[in-house]
1. Distance check, please: which entries in K93/K325; K75/K325; K93/K405; K349/K405 exceed 19 angstrom between their Cα atoms?
2. Suppose R0 equals 30 Å; then what is the FRET efficiency for R357 and V232 from their Cβ-Cβ distance, rounded to the nearest 0.05?
3. Where does the chain land on Rg(C-alpha)/(2.2 N^0.38 Å)?
4. Grab the Cα-Cα distance for L279 and E293, subtract it from 0.36 nm times how many residues apart they are, and report the gain in nm with one decimal.
5. Using the Cα centre as the reference, give the magnitude of the dipole from point charges on the C-beta atoms of segment 3-466 (Lys, Arg: +1; Asp, Glu: -1; all else neutral), rounded to the nearest 20 debye.
6. Give, as a single signed number, the net charge of other residues whose beta carbon lies under 9 Å from the beta carbon of D170, with Lys and Arg counted +1 and Asp and Glu -1.
7. State, as an integer percentage, the relative contact order of the chain based on alpha-carbon contacts under 8 Å between residues 6 or more apart.
8. Only counting other Cβ atoms within 10 Å, I'd like R191, R106, R367, R470 sorted with the fewest neighbours first.
Amino acid sequence: MNLSEYAGYDGKGLVELVRRGEVSPRELADLTAAAIDQLNPTLNFMASYARDDAEQTLQAATGEGDFYGLPFLMKAGVAVKGQPGGMGSRISKELIAPADEELTRRFRRAGVTIMGHTTAPEFGNSPTTESVLYGPTRNPWNPERMTGGSSGGAAAAVAAGALPIALASDGGGSIRTPAHCCGVFGMKPTRARTPIGPHTQGGIYSLGVQHVVSRSVRDSAAMLDVLHGPEVGALYYVSPPERPYLQDVYTPPKQLKIAFSTCNPSGEAVHPDCVKGVLKAMTLCEQMGHSVEEKPLPYNWEAFTEAFMTLWTVHHPAAMAMMEKMTGNKVGPDMLEACNLVCLEYGRKLTAEDIGRTMMLLNTICRQVGTFFTEYDIYVTPTDAQPAVAIGEIDANASDLSTQKWLERAINRFAPFPPIFNVTGQPSMSVPLHQSVDNLPVGVQFAGRHGDEATLYQLAGQLEMAMPWRDRVPDISVFRDQPGKF
């Protein structure tokens, strides 16, 4: 198997080759390593390598697990025993993880071969992956453009064909925004669907959820089948699915009642290509028999952003104090980027009254949105307000930053659509259904009811069949025009 052939398969396709004895886990690991060596000097998606860990996995291979033999990349900050444990920051770059976290253990039980960690912005606090520590991660569709954040390294690696699936996480759009920027599929599951501990509970409202980005819908569904399940001691719980998500990919949905909007709730402009992507998707949904209606999500943007700033910054003081204690380093401009320094200062000034008001505002918003979804099955928007912007345009280290200015640049102008569903906890996905006039990917965001990934996967499978994206590949890749085999 050569690199082009390897890149043509999705994860389930490669696993099937292993099961039939047509390729070995070691051969796949070697192909992945070769793809990384070819692509990473240009795209810069690798934060660290786990060669010893991969070798131990290959030597101890048991043949067990739904993804047995599949090469896999973790994300910076997710603990793999003996591997770097920092989160894209200079203050934590020397940390080594003492043990696997629960998510890592579930990946190992699935049979993957962990090859290393992908890049992420400092502490995930950016919609672009351009940390001072790693440097900018570049988009395989255009290396002058960003990959999105915070799972930008993962999305770039998958889009370029280095491997078919990679770990991603999402606290305000960090699965969906990179999927949109790089033209891959990204599902943010329901809050508590996948583990985030044991060393964190995700804070108030537990914004962050872990899953993957992938090129095929079935890979995403099959991976969620092996990752989901309750976590001992977790603050939140969600009812298990009625059947495997992989089955849903091949099950047409009922006639769905879909609401959509192309308007930015912040009032900022939306790029015409992002609008066009939604309208094209809605036309397709109508052709497939679904009911479509233009209607905005009923929540107050100003109240939401006030609450979100508090929610996003309230844990910065404790987290940075812990980092100082663990590393011996001191917080300052030589250790933290400006976006995190201003969030730290904002968090330090919060009062009990601020936090209490935030909880009341979020309660109102969650109930408004929840009521909306008693009438509609699905809500659709652009994934983000623009296609991938130029490297450096969203500058996390700008000298003039304040928390308000960072929110305006990172969310209001670029990524206003994803964060609401981190607050409500609902599942939502970015589907790569469109290309811009500049040949950049454009994602469309679909959100479902709390706990209902099944309907989203049913619709995603239907969309993938009707408007396949598998043969759209970036110039910087190992595909070489090899047609997709999924």
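1. From K93/K325; K75/K325; K93/K405; K349/K405, over 19 Å: K75/K325; K93/K405.
2. Result of the calculation: an efficiency of 0.35.
3. 0.90
4. 3.9 nm
5. Here the size comes out at about 500 debye.
6. Charge balance in the 9 Å sphere: +2.
7. Reported as a whole number, the value is 20 percent.
8. Taking fewest neighbouring Cβ atoms as first place, the list is R367, R470, R106, R191.
Read-outs throughout are calculated quantities, based only on the coordinates presented, and are distinct from any laboratory measurement. In this text the structure is predicted, and so the values were computed from the model without any measurement. No Cβ is skipped: glycine too gets one built from the backbone with ideal geometry, and neighbour counts run over all protein chains shown.
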